[in-house]
Amino acid sequence: MESSTTFLWKDRKRNIFGLPWTFTTYAFSEDRLFVTSGLLKTVEDEVRLYRILDLTLSKTLLQKIFGIGTITVSSADKTLGEFELKNIKNPNQVKEQLSALVEENRDKKRVTNREYMGDGDIPEEEL
């Protein structure tokens, strides 16, 4: 990850016992979310926060016991699409902080997500 970027949060993917013995790191700054993985070949992906559409937090029984959780991120990014921040500490706080930053960035960029409510049928006058 870039050394000139100031990260608001950074963590390492943890094993099922909550220990950070993996080669995947997650971080986010004011405007981007970074996922870096690999030991011999390192791959860094990033997604602009305004491109994130949805966040979902899940915790298995073992994750609850060890104080970790998984955040599923659904984005409009072509390379990442839907991905997970697996086994991170304090997942509730991270999700709330990330959600607030996403909304802030969407407001700054004036990005809207149009959702259609209803039974899925398009009225005839719109056809």
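If I filter the stretch 83-92 down to residues being open to solvent by 30 Å² or more (accessible area, probe 1.4 Å) and in contact (Cβ under 8 Å) with a residue 60 or more places away in the chain, which single residue comes out as nearest to Thr25 (Cα to Cα)?
Start the filter on the stretch 83-92 by keeping residues that are open to solvent by 30 Å² or more (accessible area, probe 1.4 Å), which leaves 84, 86, 89-90, 92.
This time we only want the ones that are in contact (Cβ under 8 Å) with a residue 60 or more places away in the chain, so: 86, 89.
Numbers: Lys86: 10, Lys89: 12 Å.
Out of the qualifying residues, it is Lys86.
Working only within the stretch 48-69, note down all residues that are assigned to a strand (DSSP E or B) and farther than 21 Å from Lys89 by Cβ. Walk me through how you get there before you give the answer.
Within the stretch 48-69, the first condition is being assigned to a strand (DSSP E or B), and the residues that meet it are 48, 52-58, 68-69.
Once the filter is applied, which keeps residues that are assigned to a strand (DSSP E or B) and farther than 21 Å from Lys89 by Cβ, the stretch 48-69 yields Arg48, Leu53, Asp54.
How many residues, within the stretch 64-77, are surrounded by 18 or more Cβ atoms within 10 Å (Cβ to Cβ) and within 27 Å of Asp107 (Cα to Cα)?
4
Out of the stretch 1-34, which residues are in contact with a Lys or Arg (Cβ under 7 Å, 6 or more places away or on another chain) and open to solvent by 50 Å² or more (accessible area, probe 1.4 Å)?
Once the filter is applied, which keeps residues that are in contact with a Lys or Arg (Cβ under 7 Å, 6 or more places away or on another chain) and open to solvent by 50 Å² or more (accessible area, probe 1.4 Å), the stretch 1-34 yields Lys13, Pro20, Asp31.
What residue, of Leu80, Leu49, Leu57, Leu40, is more than 25 Å from Ser4 (Cα to Cα) and free of Cβ contacts under 8 Å to residues at least 60 places away in the same chain?
It is Leu57.
Take the residues in the stretch 35-63 that are of a type in the set (Asp, Glu) and over 22 Å from Asn15 (Cβ atoms), then tell me which one is surrounded by the most Cβ atoms within 10 Å (Cβ to Cβ).
Here the answer is Glu46.
Starting from the stretch 7-28, take each residue that is farther than 16 Å from Glu46 by Cβ and outside any strand (DSSP E or B) and list its partners that are open to solvent by 40 Å² or more (accessible area, probe 1.4 Å) and among the aromatic types (Phe, Trp, Tyr), counting only C-beta distances under 7 angstrom and pairs at least six apart or across chains.
Listed pairs, sorted by first residue: Asn15/Trp21; Phe17/Phe66; Gly18/Phe66.
The values are calculated or read from the model by the stated rules, or taken from the named source; none is laboratory data. Since the model is a prediction, treat every value here as computed from it, not as a measurement. Cβ coordinates were reconstructed from backbone atoms using ideal geometry, including for glycine residues, and neighbour counts include every protein chain displayed. Accessible surface areas use protein heavy atoms only, side chains included; no ligands, DNA or RNA. Shrake-Rupley method; radii C 1.70, N 1.55, O 1.52, S 1.80 Å.
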